[in-house]
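Structure record follows, encoded as structure tokens.
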Amino acid sequence: MRHNLGEYYTPDWLAELVLSEAGYKGDLQSRLLDPACGSGTFLVLAILKAKRLAEKEGMSRLQTAKSILANIWGFDLNPLAVIAARTNYLFALGELVDYQATVEIPVYLADSVLWPRESARTLFGAGEDAVRVNTSVGPFHVPAIWVMQGGFLMKEAAPLVEDMTKANYAPPEALEQLRKKGLVFGPHEDAVLAFYTEILKLEQEGKNGIWARLLKNSFAPLIAGNFDFVVGNPPWVRWGYLSREYREATLALWEKYGLFSLKGHAARLGGGEKDFSMLFTYAAIDYYLPKKGVLAFLITQEVFKSKGAGEGFRRFCLGPGGDFRVIKAHDLVTVQPFEGAV
């Protein structure tokens, strides 16, 4: 299972090295993201650094708690990993939790690659009131206005929708409550009504649970904004091990970044068995880093050495998004921090 998910959890000493090389010292004026956070190793170490620095600088515990929750984020696609990361995040906060009336741990069950902030205009094109999101219980049509205007879906609408469906509010009643909260207005009412009706139907069929909350999570990368530091250990998955659906869904991104450097039959086979960490790295730089941001990742050495698979990666060019440069690379072959992986 770990092989299929591309998961190799990072030992603390190596995560400490990555944070150190990135230049992250715990300054809570800076933002940090681990877009493939696993059980939260990088997040926990970042929080501990931030707590130590805040105490040294005399920052109040309330302000420390607020700053950590606003600035240290994580995403992952594995539900079990997200549960573990949130738990570890909470433990790392420790007594700071007592200084917050409510705490939302900023670790989200989300795909860091397939919800690009840069493609927001494509996803929510002119005249489109809703975004279709496919799930195991069928599609949801999320009101675009909630995601694009300050992240209302993430901040307010999802828990409210969840509460109202459990209380069996009729759609017109729910619409009125959402209107009072400023979450629906003008031409967007039909989209909001349709979305609420979808969730209510599942509730009445005994299939709802936390769908509104899960959808809130899935949109987190779109409204996360930029981070000064992006760190972590992205999934190492060969092209051939990706599901057919995911290969098709991400194909445009591979091509956008020029990661398919081969032609014809070789390209159709994945261009020398490329590793998903290549695309993950480019997408993370493109979506989450500002112009002078720093990324520090643990990835396979073939991106720097292999002739076919790594050629596109070594262009270090995002296309219209600009170029980036490699400042330093560590070769960990002799250390072998991961079982059976280089």
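Please identify the pairs in which a residue from the stretch 162-182 that is over 20 Å from LYS216 (Cα atoms) has its Cβ atom under 8 Å from the Cβ atom of a residue that is open to solvent by 100 Å² or more (accessible area, probe 1.4 Å) and assigned to a helix (DSSP H, G or I), counting only partners at least 6 apart or on another chain.
So the pair list comes out as ASN168/GLN204.
Does the stretch 63-81 contain any residue that is at pLDDT below 95, of a type in the set (Phe, Trp, Tyr) and either touching a Lys or Arg at 6+ places or on another chain (Cβ under 9 Å) or under 20 Å from VAL230 (Cα atoms) (or both)?
No - not one qualifying residue is present in the stretch 63-81.
For the stretch 64-73, indicate whether the set of residues that are under 15 Å from the mean Cα position of the chain (by Cα) and of a type in the set (S, T, N, Q) is non-empty.
yes
Answer with yes or no whether LEU5 is at pLDDT 95 or above, farther than 24 Å from VAL294 by Cα and open to solvent by 30 Å² or more (accessible area, probe 1.4 Å).
Numbers: at pLDDT 95 or above: no; farther than 24 Å from VAL294 by Cα: yes; open to solvent by 30 Å² or more (accessible area, probe 1.4 Å): yes.
Answer is no for this residue.
Kindly indicate the residue of the stretch 300-319 that is open to solvent by 40 Å² or more (accessible area, probe 1.4 Å) and either under 22 Å from the mean Cα position of the chain (by Cα) or aromatic (Phe, Trp, Tyr) (or both) and also modelled with the lowest pLDDT among those meeting that condition.
Among them, the one singled out is PHE304.
Looking only at the stretch 59-98, how many residues end up being open to solvent by 60 Å² or more (accessible area, probe 1.4 Å) and farther than 19 Å from CYS37 by Cα?
7
May I ask you to list the residues in the stretch 190-217 that are touching a residue at least 12 places away in the same chain (Cβ under 8 Å), open to solvent by 20 Å² or more (accessible area, probe 1.4 Å) and either touching a Cys at 6+ places or on another chain (Cβ under 8 Å) or among the small types (Gly, Ala, Ser) (or both)?
ALA194
The values are calculated or read from the model by the stated rules, or taken from the named source; none is laboratory data. What you are looking at is a predicted structure, and each value in this text was computed from that prediction instead of being measured. FYI the Cβ positions are ideal-geometry reconstructions off the backbone, even for glycines, and counts take in every protein chain you see. With ligands, DNA and RNA removed, areas are computed over all heavy atoms of the protein, side chains included. Shrake-Rupley method; radii C 1.70, N 1.55, O 1.52, S 1.80 Å.
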